[in-house]
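First comes the structure, then the notes that go with it.
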Amino acid sequence: MRTLIDIFGQIFRTLWAHKLRSFLTMFGIAWGVGSLLLLAGVGEGFRSGNKREMEEFGKDIMFLFPGRAPVLEGSMRSARNYRLTYQDYLDIRSAPFVRNACPVLTRDDLRAVSEYASAAGQITGIEPQFSEIRFLPLKQGRWMNDLDGAQKRNVIVLGDEMHRNLFTGRPALGAVIVLNGIRFEVIGTLKRVGRGDNNSTNARGYIPYQVMADYFPIKGEQQKGAISFINFQPRMRAEHAEAFMEVRKVVARNHGFDYRDDNAFEGWDTIKQSEMVGGIFDAMSVFLGGVGVVTLALGAIGVVNIMLVSVTERTREIGLRKALGATNRSILFQFFLEGILLTVGSGLIGMTLSAGVMAALGTIQGPGGFDPPKLVPKTAAVAIACLAVAGVGAGLYPARQAAMLQPVEALRQE
């Protein structure tokens, strides 16, 4: 135990005697490790923020919008606009690979008036299963049911922003609002979704699709049963491409064009988007990991150089200690331990500083789609493993060089 304390004392005295050299060596490794963890943390913040936003939007959602189909096959110069219809939705709902679907009919030009205030917002006609597809957490009351649509009840569920604009802190359940002169009873309100004011879900009111189609159909559309778009979900997440292809076949058959014409369809596959974003973040993680490993390797090379210089400077000391009975093993152990301390100690300092920076940034509210940086356990584990390997490499070779010195030859060195 006493010998170990003496060795540590000798190591710290040596490092203190060359303060600037030791500091610069440790700073390089600490900077590399800290930068690696901080960059990985920023990437993880983007990943988790994107995932959170998608989860607040809904689960495994796919959109199909109205499009343009060619009158003559393969010629978009003769393209015609087509509207999706309620019949398209009924056919899509029973298509292979489709688990759930809902028609959506929206109007932005309706005026909502309560006893206390008026507000402009988007009124959306949907069926009850819409809440199974989109993320719509209830705050008060209830969501719509099948009877609301079948009996064409004039009921409405308010988004958080529309609720606040119309009732300004007053109770809304059971109250009546007027949409373009037609009375609707408020049966539920929704919790706020997303951060800031960039989520249009909060500014919407939801009424039964059948009521919306009767009172507020799409303006200027001659096609009976025209709807704004269709939300649907694949039977399984892995089958999203197959589900979209089946939906294309249904719409192309109903509207008389070739389903293989990509230009004829307007859609949004959130599953495909999330997979693409995930692939980008995975590639970023691999890149940052490679940069970190290279940084640590360069830092380890710097430690090797410093330790070799230290061996050269202390040649006479080593010769004297060996002449007084120090074994090769004790010399090897001291220099090896010094290299490990330089590498691992500076790496742990870098990890601590980066964790502190990320903790400080965690108190700041980031923009939508971005969470504060987070310490990634996997990256930290890789950094620790690389530090251990770098420390062994940085300490072993110079330590062996010191241990192999012959006492007589060492004492002759000036």
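The values are calculated or read from the model by the stated rules, or taken from the named source; none is laboratory data. These numbers come from a predicted model, not from an experiment. Cβ sites come from the backbone with ideal geometry, for glycine too, and all protein chains shown count toward neighbours. These area figures cover heavy atoms from the full protein model, side chains too; ligands, DNA and RNA do not enter into them. Shrake-Rupley method; radii C 1.70, N 1.55, O 1.52, S 1.80 Å.
Values as computed for the structure displayed
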{"quantity": "All helices (runs of 4 or more DSSP H) inside region 74-158 with 1 or more residues being β-branched (Val, Ile, Thr), in contact with a strand residue (DSSP E or B) (Cβ under 8 Å, 6 or more places away or on another chain) and open to solvent by less than 30 Å² (accessible area, probe 1.4 Å)", "calculated": "86-93, 130-133"}
{"quantity": "Conditions (1) under 30 Å from GLY350 (Cβ atoms); (2) at pLDDT 70 or above; number of the one not met by ALA300", "calculated": "(2)"}
{"quantity": "Failed criterion for PRO373 (all others in (1) more than 21 Å from PHE23 (Cβ to Cβ); (2) modelled with pLDDT under 70; (3) not small (Gly, Ala, Ser) hold)", "calculated": "(2)"}
{"quantity": "Extreme residue, modelled with the lowest pLDDT, among residues of region 175-233 that are assigned to a loop (DSSP other than H, G, I, E, B) and either open to solvent by less than 20 Å² (accessible area, probe 1.4 Å) or among the β-branched types (Val, Ile, Thr) (or both)", "calculated": "VAL193"}
{"quantity": "Of all residues making up region 251-271, the number that are touching a strand residue (DSSP E or B) at 6+ places or on another chain (Cβ under 9 Å) and either of a type in the set (Ser, Thr, Tyr) or assigned to a helix (DSSP H, G or I) (or both)", "calculated": "8"}
